[in-house]
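The values are calculated or read from the model by the stated rules, or taken from the named source; none is laboratory data. None of the values given here were measured: they were computed from a predicted structure. Here the Cβ is made from the backbone with ideal geometry for all residues, glycine too, and neighbour counts use every protein chain on show. Ligands, DNA and RNA are excluded from the accessible area calculation, which covers all protein heavy atoms including side chains. Shrake-Rupley method; radii C 1.70, N 1.55, O 1.52, S 1.80 Å.
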Amino acid sequence: MEGVGEEEMEGVDHLAHERNKSEFDVDAMKIVWAGSPHAFDVSDRISKLVASDPGFRKDNRSTLSRKELFKNTLRKAAYAWKTIVDLRLSEEEAAKLRFYVDEPAFTDLHWGMFIPAIKGQGTEEQQQKWLPLAYKMQIIGCYAQTELGHGSNVQGLETTATFDSQTDEFIIHSPTLTSSKWWPGGLGKVATHAIAYARLIVGGREHGVHGFIVQLRSLEDHSPLLGITVGDIGMKFGNGAYNTMDNGVLQFDHVRIPRNQMLMRVSQVTCEGKYKQSDVPRQLVYGTMVYVRQTIVADASCALSRAVCIATRYSAVRRQFGSQNGGPETQVIDYKTQQSRLFPLLASAYAFRFIGEWLKWLYADVTQRLQANDFSTLPEAHACTAGLKSLTTTATADGIEECRKLCGGHGYLCSSGLPELFAVYVPACTYEGDNTVLLLQVARFLMKTVSQLGSRLSSKKPVGTIAYMTRVEHLMQCRCGVQRGFAELSADLVEAAVAHCQLIVVSKFIEKLQQEIPGKGVKQQLEVLCNIYALFLLHKHQGDFLSTGCITPKHAALANDELRSLYSQVRPNAIALVDAFNYTDHYLGSILGCYDGNVYPKLYEAAWKDPLNESVVPDGYHLYIRPLLKQEIRTARL
Ligand SMILES: CC(C)(COP(=O)(O)OP(=O)(O)OC[C@H]1O[C@@H](n2cnc3c(N)ncnc32)[C@H](O)[C@@H]1OP(=O)(O)O)[C@@H](O)C(=O)NCCC(=O)NCCSC(=O)/C=C/CCCCCCCCCCCCC(=O)O
Ligand SMILES: Cc1cc2nc3c(=O)[nH]c(=O)nc-3n(C[C@H](O)[C@H](O)[C@H](O)COP(=O)(O)OP(=O)(O)OC[C@H]3O[C@@H](n4cnc5c(N)ncnc54)[C@H](O)[C@@H]3O)c2cc1C
């Protein structure tokens, strides 16, 4: 191309010099990141399928109106379903395809909550009736729990479900404005059915919150059924972002449903109007939330790794200051401040990946035990999913914002992919349980555990975590020792809960490294990242650790020195470590994070595609600017 230097030519890998520095087998690390060779194959194949299909284009979202954006999301969801059916994709491949389409949509709640709720809380008979319809998408479901007046406090929900023994039906009703269902994804414009949570009333007696399958819209013309008022709750944070989702409002006006549409695995109501509580903990009604919280932890590693991939590649491309005798300026990735901000996030992305794997195992284990009526690990599963969801989503939301800042001004462009990623991700700190409310659940679990086990919370942790374990015990002893109520100490107890969750993440990372990990240099790289994660947190919270007495100020200083050394070990491998995420440019959706690092020409080209540049003289010039410039409005009243 005329006047284009080597450094700007398309088709050249501008990060080749970085990739050549790698000291480990990147392909082997890709398998570790994916979880298995099979998982890598599915992920690699489906991500490329989506990236190569113009039907899944997403680079124009920021220029669409809310209605255009939403209609485009419906088109994509329908196109995805057609692709799944035409290609006969498996459930696993279909889930991956929806993941790589990368757009919040009603399908998230249909597949991610409506179906799991029926599987987890429905009887065999109810599963046999409703799941085939849901799997074929002949009905589209949502999870309608939160109300205008209550979200965190599930037992405070006001919607009622009153049993009518005369007709063998439940009457679902919204008695107050604050009982309006509010927030459920997919509810506003698409869902034909809901799992609606309501206070069960039988024979004038209340029995707490239960789930009910309620049809909302006609399957003929999609109009709301009698007694149903439903709509969207309006624009949300950011422009495109989560506005592809129809989070809805729903009011019931004495809507009648058959008795067999109460999810009855946990409790039952007989046709005679007798309420029967199975001999299972009532909290199984909350089971879907536990399931989604563990998926959210895995999602955190995906979102954080996307942001870190963008920021790492761009940090290797960007040069600023430091030119010697007219030579190239310094890559910003070589600045120690950039490394001290970026590499702990890279380590966290891997840490969250592995804790997500462990949590998936824990959830499967507790589910298997529940089937045998073994509820012994349910409290720990609840505490772990709640606490790790809180810890990883907070760290990921903060990490995405830090990655934006690590990219300087260009990080603020939509074409960097980071503003949209942040706007889509940040509600994860709220949905599926406000992060503070969930940490209070962990604190409550720790208080009970301490009172049952005495000071030692658990001796089942790897040696390398003694300092972390002592920190949690110290924080708990400082709080439990004080004769003041839980509420009074809750802010401090939440800190102990965070410390407990960090202990779990560190110990599971160490356990991961005790497994057989194939590939040249792969385990060594993971050991470096594990040490960075552990020492970074020790440095960040050194006050806690010093107060336990198990480390001294000298230890803290040594830990900081070691961190700098570890950053130097990561530096030559940084690009290869983010290549191991195996993200396509389409999925990353970022010019700054593009694989070939050819950033500047892409940024420049993208700018001219903005609708504002369709004319060199902007709309409004003649009406507003010209008069200004010509001072023809001197006498005009402002
Ligand atoms: C837990 C609460 C805060 C309090 O509950 P409460 O009933 O008042 O009980 P407590 O008195 O506190 O505790 C009593 C005891 O019960 C124990 N307990 C509490 N909860 C649980 C539980 N869940 N499991 C087990 N045990 C539990 C507790 O420890 C006490 O025990 P003990 O007495 O001390 O021994 C509760 O009110 C609560 O949970 N509040 C939070 C509400 C909440 O989380 N709402 C979420 C609504 S749904 C939502 O937000 C949805 C968002 C969707 C966003 C999109 C997400 C992505 C979709 C999935 C991913 C995509 C997949 C796509 C797949 C594909 O495409 O194929
Ligand atoms: C994008 C998005 C999607 C959602 N999708 C769904 C969905 O599909 N289905 C569904 O049912 N819901 C959905 N929700 C709702 C979501 O589950 C709730 O917003 C969430 O559970 C938080 O509840 P809340 O809004 O009542 O917050 P609140 O509890 O009102 O929180 C407000 C503040 O009060 C604090 N607080 C509350 N209780 C306590 C306490 N006991 N101690 C100390 N502090 C406390 C919180 O920490 C927070 O700082 C969605 C929400 C969002 C943002």
(request) Send over the per residue convex hull volume for the chain, Cα only, as a whole number of Å³. (result) 226 Å³
(message) Quick query: amide H of I551 versus all other amide H atoms, modeled in the peptide plane; which residues come in under 5 Å with a sequence gap of 5 or more or a different chain?
(response) none
(request) State the number of lysine pairs found in region 111-244 whose Cα atoms come within less than 23 Å, restricting to pairs 8 or more positions apart or on distinct chains. (result) 7
(request) Just name one of P104, F321, Q215: the one whose Cα is farthest towards the positive end of the charge dipole of the chain (beta-carbon charges, Lys/Arg +1, Asp/Glu -1). (result) Q215
(request) Among V255, L558, Y533, pick out the residue whose Cα is farthest towards the positive end of the charge dipole of the chain, where Lys and Arg carry +1 and Asp and Glu carry -1 on C-beta, about the Cα centre. (result) V255
(message) Per-residue counts of other Cβ atoms within 10 Å, averaged by peptide: what ranking do you get for 529-541, 587-599, 81-93, highest first?
(response) 587-599, 529-541, 81-93
(request) Report, to two decimal places, the Cα Rg of region 123-274 normalised by 2.2 N^0.38 Å (N = number of residues). (result) 1.03
(request) Mind giving me the nanometre distance, one decimal, between the label points for R282 and A607, set 7 Å out from Cα along Cα→Cβ? (result) 6.2 nm
(message) Explain nothing, just compute: Karplus ³J(HN,Hα) = 6.51 cos²θ - 1.76 cosθ + 1.60, θ = phi - 60°, for every residue of region 513-522 in order, whole Hz, x for Gly and Pro.
(response) 6, 7, 7, 5, 10, x, x, 4, x, 5
(request) Name the aspartates and glutamates eligible as straight-distance cross-link partners of K448: C-alpha to C-alpha under 19 Å, and not fewer than 8 places from it in the same chain. (result) E380, E473, E488, D492, E495
(request) Show which aspartates and glutamates lie in cross-link reach of K58 when reach means a straight Cα distance below 12 angstrom and same-chain residues fewer than eight apart are skipped. (result) D102, E103, E420, D585
(request) Roll a 1.4 Å probe over the protein chains and send me the accessible area per residue for region 3-144 in Å². (result) 49 Å²
(message) Students sometimes get this wrong: rank T176, T192 by accessible area, probe 1.4 Å, all chains present, largest first.
(response) T176, T192
(request) Show the residues, 5+ positions off or on another chain, whose built amide H is closer than 5 Å to the amide H of R318. (result) V332
(request) Output the relative contact order of region 497-566, whole-number percent, from Cα pairs under 8 angstrom with separation of 6+ residues. (result) 29 percent
(message) Suppose every Lys and Arg Cβ carries +1 and every Asp and Glu Cβ carries -1, with no other charges. What dipole size does the chain come out with about its Cα centre, to the nearest 20 debye?
(response) 1040 debye
(request) Using the structure shown, list the pairs from K360/K523; K21/K508; K76/K405; K336/K405; K96/K540 with a Cα-Cα distance above 26 Å, or answer none. (result) K21/K508; K76/K405; K96/K540
(message) Give me, ordered by chain and number, the residues 5 or more places off C142 or on other chains with an amide H under 5 Å from its own placed amide H.
(response) H193, A194, I195
(message) Show me, for region 105-110, the HN-Hα J-couplings you get by feeding each phi into the Karplus relation (A = 6.51, B = -1.76, C = 1.60, θ = phi - 60°), rounded to Hz, glycine and proline as x.
(response) 8, 3, 5, 4, 7, 5
(request) Could you look at region 489-638 and say what percent of its accessible area is carbon and sulfur, using a 1.4 Å probe and all protein chains? (result) 58 percent
(request) Give me the distance between the Cα centres of region 49-105 and region 600-630, rounded to whole Å. (result) 32 Å
(message) Counting only protein heavy atoms and a 1.4 Å probe, tell me what percentage of region 221-350's accessible area is made up of carbon and sulfur.
(response) 54 percent
(request) Would you mind telling me the share, in percent, of accessible area of region 352-421 contributed by carbon and sulfur at probe 1.4 angstrom? (result) 58 percent
(request) Express the accessible area of region 170-263 per residue in Å², computed with a 1.4 Å probe while the remaining protein chains stay in the model. (result) 38 Å²
